[in-house]
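The values are calculated or read from the model by the stated rules, or taken from the named source; none is laboratory data. Keep in mind that this is a model prediction, so the values were computed, not measured. Ideal geometry is used to build each Cβ from the backbone, glycine not excepted, and the neighbour counts take in all protein chains shown. Accessible surface is based on the protein model in full, side chains and every heavy atom, while ligands, DNA and RNA are left aside. Shrake-Rupley method; radii C 1.70, N 1.55, O 1.52, S 1.80 Å.
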Amino acid sequence: MIQVGIVGAAGLSGQELLHWLASHPEAEVVTATTGKFKGIRIEDVFPFLTGQRLVFQGHDTEFSGCDVVFLAIPNHASLEHVPRLVDKGIRVIDLSGVYRLRNIGEFEKYYRLKHTSPELLSKTVFGLPEYFRDSLKNASIVANPGCYPTGALLGILPFGNLLKKLKGTLVIDAKSGVSGAGGRVEDDTTNYVEVNENFRAYKAFSHQHQPEIKQLLEDLTPFDSTKQGEPVFTPYLLPLNRGILTGIYLHFSQSISEQEIRSRFETFAVGNPFIRIMSEGNLPDLRSTVNSNRCAIGWASDESGCNWLVQTSIDNLVKGASGQAIQNMNLMFGLPETTGLQ
């Protein structure tokens with residue numbers, strides 16, 4: 001049985017981890033920390049987590065006996081916790097953005113934090129299982145991807161070498177429920193009153209997930225931002241609790257057949273149990289994936305075959321955060337990656 005710790009277990013991603021791990025047949029949460037509910041049983045704070053009799057600890061607790069610790073805390077807090085856990089020989093799955101970007105200058109620009117442990121970046125594996133499955137098996141630190149990059153990358157990367165034929169700007173238009181933007185009630189821009197009956201973009205050309213998307217595109221495909229331009233990523237906030245619907249617009253210099261696109265995506269789906277390819281002519285909606293670890297993918301083109309829309313749907317708290325983190329844990333400990341997630 002994998003002994004699990006969760007730092008930040010009372011947050012949105014932390015609650016999701018508790019929910020999914022409660023029914024995981026090979027893992028047991030033995031330590032759950034919070035800065036607010038120390039000494040109170042989990043089920044007394046969150047009645048929907050019935051049967052969670054474990055008592056919340058403070059963030060200063062020791063994680064002795066833990067095989068792996070999930071970090072569901074803000075970026076500055078992860079900078080403090082990760083080195084200490086690694087020094088103790090505990091494997092880490094970090095849901096913050098601290099270890100996703102290799103370029104320290106870009107990290108400090110977009111996150112507005114000084115990186116205090118850049119030496120750990122070389123030990124970190126990016127936690128997108130569909131592309132880093134083998135590396136994850138022996139990882140000591142996993143940088144769980146951002147929710148927006150997960151939805152975007154799973155819709156773009158299967159194009160592979162076709163991305164050399166891109167002409168013009170790659171545009172990523174992503175619409176998320178409130179929890180995708182943090183959903184903190186103290187933030188006037190994401191509280192319920194501001195979001196309800198409203199719809200808007202935020203962090204245009206300054207969102208921290210843009211360089212994450214670019215980094216992975218350049219790592220895994222021929223995409224070259226110095227030649228093809230920076231991908232344009234704009235997130236929008238929907239008056240919903242959860243879910244991300246991502247529209248990806250690609251313009252190619254030559255016509256590409258629907259058969260070619262379908263072949264690439266169906267090949268990609270083989271061996272990737274959480275990828276769902278839509279039937280011809282259908283695009284996914286948020287209900288396609290809510291409360292699941294799936295990513296649903298569909299596409300459409302104009303008559304020229306040069307202009308394509310790829311659309312992906314994920315639940316930002318599951319495939320975009322905690323579900324993907326558990327998928328990564330399964331791979332790290334030699335379990336089928338679907339364990340506890342179906």
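Convex hull volume of the Cα atoms of region 52-199, normalised per residue: 185 Å³.
Karplus-derived 3J(HN,Hα) values for region 216-233, using 6.51 cos²θ - 1.76 cosθ + 1.60 with θ = phi - 60°, are 6, 4, 6, 6, 10, 9, x, 4, 9, 5, 6, 9, 9, x, 5, x, 9, 10 Hz; glycine and proline are entered as x. In the structure shown, the pairs LYS137/LYS319; LYS114/LYS319; LYS175/LYS319; LYS109/LYS203 are assessed against 23 Å; a Cα-Cα span above that value is assigned to LYS114/LYS319. Scanning residues 5 or more positions from ALA174 or on other chains, those with amide H under 5 Å from its amide H are THR234, TYR236, GLY247, with H placed 1.01 Å from N in the peptide plane. Stretched out straight at 0.36 nm per residue, the stretch from ASN196 to GLU26 would grow longer than its current Cα-Cα span by 57.2 nm. Between the Cα long axis of helix 258-269 and the first principal axis of the chain there is an angle of about 20°, rounded to the nearest 10. Taking all protein chains as shown and a probe of 1.4 angstrom, SER255 keeps an accessible surface of around 80 Å². Taking the centroid of alpha carbons for each part, region 192-259 and region 262-294 are 18 Å apart.
Over all other residues within a Cβ to Cβ distance under 10 Å of THR246, the charged ones net out to 0, with Lys and Arg as +1 and Asp and Glu as -1. What stretch of the chain, leaving out the sites themselves, is the longest with no chymotrypsin sites (Phe, Trp or Tyr not before Pro) in a DSSP loop having at most 15 other Cβ atoms within 10 Å? It runs 49-198.
Among residues other than SER257 with Cβ under 15 Å from its Cβ, the summed charge is -3 (Lys and Arg +1, Asp and Glu -1). Considering only LEU250, LEU71, LEU128, the Gaussian network model of the chain with Cα springs below 10 Å gives its largest mean-square fluctuation to LEU250. Remark on VAL142: its backbone amide H falls under 5 Å from those of VAL92, ILE93, ASP94, VAL125, a criterion applied only to residues 5 or more positions apart or on other chains, H modelled at 1.01 Å from N. Kirkwood hydrodynamic radius computed over region 1-68 comes to 11.7 Å, based on all pairs of distinct alpha carbons.
Each part gets one Cα centre, and for region 79-157 versus region 318-340 those centres are 15 Å apart.
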